[in-house]
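To keep things clear, I will list the structure first and then write my remarks on it.
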Amino acid sequence: MQEALEKIQQAENHNQELLALAKQKVHDYHQQQQATLARLQKEYKAEVARFIQEKEAEETNKLAARKESLASEVATMKKHLADSYEKNAQAAIAQVIEKVLKTYGSH
């Protein structure tokens, strides 16, 4: 009977060792998964930051190009308006001179 009790005690001790080992393995696995999660979060955060930087740079470049385009358009429009004004001013002056000459004759 004593021998049976000793075997039961040994089996319980063995089971306790196995349980402690299983708990340690679960703990180690949990720690490993936490480290993996932290690493992935850091990587994804860096990737998102890089993506945002790229998009901001892209948008800045688009805005700069659009600004240059609009500045060029404005310069072209100013030139066109100045040329048109000059052309119309010369025509208006010529018409006034013509009317004055018709009205008062050339003396």
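For the range 87-100, does any single residue satisfy the condition of being outside any helix (DSSP H, G or I), free of Cβ contacts under 8 Å to residues at least 40 places away in the same chain and either out of contact with any helix residue (DSSP H, G or I) (no Cβ under 6 Å at 6 or more places or on another chain) or basic (Lys, Arg) (or both)?
Just the residues of the range 87-100 that are outside any helix (DSSP H, G or I), to begin with: none.
The answer is no, given that none of the residues of the range 87-100 is outside any helix (DSSP H, G or I), free of Cβ contacts under 8 Å to residues at least 40 places away in the same chain and either out of contact with any helix residue (DSSP H, G or I) (no Cβ under 6 Å at 6 or more places or on another chain) or basic (Lys, Arg) (or both).
Under the condition of being surrounded by fewer than 10 Cβ atoms within 10 Å (Cβ to Cβ) and in a helix (DSSP H, G or I), the residues counted in the range 1-34 number 4.
Each row is one residue, and each column tells you yes or no for (1) at pLDDT 95 or above; (2) not hydrophobic (A, V, I, L, M, F, W, C).
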{"site": "Gln9", "(1), (2)": "no, yes"}
{"site": "Tyr29", "(1), (2)": "yes, yes"}
{"site": "Ala38", "(1), (2)": "yes, no"}
{"site": "Phe51", "(1), (2)": "yes, no"}
{"site": "Lys55", "(1), (2)": "yes, yes"}
{"site": "Leu70", "(1), (2)": "yes, no"}
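The values are calculated or read from the model by the stated rules, or taken from the named source; none is laboratory data. As the structure is a prediction and not an experimental result, all values here were calculated from the model. Because the Cβ atoms are built from the backbone with ideal geometry, glycine has one as well, and the counts that use them run over all protein chains shown.
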